[in-house]
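Working notes for the structure below.
The values are calculated or read from the model by the stated rules, or taken from the named source; none is laboratory data. These numbers were taken from a predicted model, which means no experiment stands behind them. Please note: Cβ atoms are built from the backbone with ideal geometry, for glycine as well, and neighbour counts cover all protein chains shown.
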Amino acid sequence: MRNFQKFKYRPWFQTFRKWSGQLIVPFIIFQFLRTIFLPTVFDVLLLSLFIVIAISIYFEII
């Protein structure tokens, strides 16, 4: 029987996840500071999106 790996990703996708995992934290910090000083609906939604992306990368949901 062959080895079946359900969650085997392509190499370019694994590289993209590593890079985005490293870059998402500075984006969240910058967006959080921007939201604190100049809160708009767009800023809050963008911050929420960044947090969801960071959680999905951390828990390997994607």
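May I ask you to verify whether residue 14 is over 11 Å from the mean Cα position of the chain (by Cα) and at pLDDT below 90?
It is true that residue 14 is over 11 Å from the mean Cα position of the chain (by Cα) and at pLDDT below 90.
Of the residues making up the stretch 26-44, those that are surrounded by 12 or more Cβ atoms within 10 Å (Cβ to Cβ) and hydrophobic (A, V, I, L, M, F, W, C) number 5.
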